[in-house]
Every structure is written in structure tokens, then in C-alpha cells.
Amino acid sequence: IILVMQTIPKVAVAPLMIIWLGYGMSSKIVTAALLAFFPVLVNVVAGIKTVDPRRITLMRMLCATPLQTYLKVRLPNMLTFLFAGLEVAVVLALIGAIVGEFVGASVGLGSLIIQRQAQVDVSGVFSILAYLSATGLLLTLIVKLAGRRIVFWNN
């Protein structure tokens, strides 16, 4: 099911989200979440799978429970991958929100881009793109700083 969901172009699903959830904020949130979900999922699965087998063997030799093994070995290993996925996902979520606004919104930066484009206001479109770029950079920086604070042993 997850593989099938991943192959569907999320941008093409945005009109469907508006039909199902309406023109409100929820359709934009779901569209953004759909774009951001898969990079995080793929990285988390990779982080759990790439644990050094010797560490798992050591935990078994120490008679650790599966929960202890997860908390002490798998989770710390996965956190590095999680934040790498979040760095990608935060930008994709921004793109998803803008796409949701392109398709069905009367307010927001996406609809403002459409309005400026209809008025052939190139400088207006570029100013919105600069604002979106700064927002993406700020969100990425926040995720990186949070990653450094939480996964401090990997820095």
C-alpha cells in the first residue's frame, strides 16, 4: 500500500484533497503532509535497517529486551536518518502547501503567485519566490539546529 501511495504524483492529488476536504486549511495541510511523509519514512526505515549487527548481538548477549534494544541501539541510529529525511521533507511540505494554494485557495502565497502571474507582474512573482526561498531556508535551518541538539553524538 505504501509503495502504491508513493508512486502517485502528489501534486496531482491536490485537487482530490480539495474535493474531499474542502477549500479550507485542512486540504493544504494534507497535501503538504503527503509530500513530506515519504522522504521521512524511507529514511527512518533505512536508519532502522542499517544498525550494525554486532550491536544487536551485543544487546542479545546482555539479555536486553526488544524494547531496550530498540531504545538503546535502533532509535539512536535512526535519529540521524530521521533528521536527514526531515531536512528534505520540510522543503517538500512547503512545496505541497503552495501547490494546495495554487489549486484551491483565494488567500495565501500560492494564490498570490497566481494573481501576480495573471497581472504579468514579474517582480511581484519574484518577490514571493524570494520570500518562499527564505522561508524554506529558515525551516531547514531550524530542522538542522534541532537535529544537532537532539542527535548531539553525531556532530
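Quick notes on this structure:
- Odd one out for residue 32, checked against (1) buried (at least 18 other Cβ atoms within 10 Å of the Cβ); (2) within 30 Å of residue 132 (Cα to Cα); (3) modelled with pLDDT of 90 or more; (4) more than 21 Å from the chain's Cα centre (by Cα): (4)
- From the list 106, 111, the lone residue that is closer than 24 Å to residue 13 by Cβ, of a type in the set (Ser, Thr, Tyr) and open to solvent by less than 40 Å² (accessible area, probe 1.4 Å) is 111.
- Cross-chain or 6+ apart pairs with Cβ under 6 Å, the range 43-70 first and closer than 25 Å to residue 84 by Cβ and open to solvent by less than 30 Å² (accessible area, probe 1.4 Å), then charged (D, E, K, R) and in a helix (DSSP H, G or I): 51/74
- Residues located in the range 118-133, provided they are of a type in the set (A, V, I, L, M, F, W, C) and within 13 Å of residue 90 (Cα to Cα): 132
- Condition check for residue 136: under 30 Å from residue 6 (Cβ atoms) and surrounded by 17 or more Cβ atoms within 10 Å (Cβ to Cβ): no
Results for (1) under 12 Å from the mean Cα position of the chain (by Cα); (2) closer than 23 Å to residue 152 by Cβ, shown as yes or no for each residue.
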position	(1), (2)
26	no, no
43	yes, yes
46	no, yes
50	no, yes
57	no, no
73	no, yes
80	no, yes
86	yes, yes
101	no, no
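- Residues in the range 1-44 that are of a type outside the set (Phe, Trp, Tyr), under 13 Å from residue 101 (Cβ atoms) and not in a helix (DSSP H, G or I): 24 only.
- When residue 96 is tested against (1) over 18 Å from the mean Cα position of the chain (by Cα); (2) surrounded by 18 or more Cβ atoms within 10 Å (Cβ to Cβ), only condition (1) is not met.
- Scanning the range 142-154 for residues that are open to solvent by 90 Å² or more (accessible area, probe 1.4 Å) and at pLDDT 95 or above yields a single hit, 142.
- Pairs with Cβ under 9 Å, 6+ apart, first in the range 131-155 and without any contact (Cβ under 8 Å) to a residue 60 or more places away in the chain, second among the basic types (Lys, Arg): 155/148
The values are calculated or read from the model by the stated rules, or taken from the named source; none is laboratory data. As the structure is a computational prediction, the values presented were derived from the model and not from experiment. Counting neighbours? That spans all protein chains shown, and the Cβs are built from the backbone with ideal geometry, glycine included. To get the accessible areas, we keep the full protein, side chains included, count just its heavy atoms, and leave off ligands, DNA and RNA. Shrake-Rupley method; radii C 1.70, N 1.55, O 1.52, S 1.80 Å.
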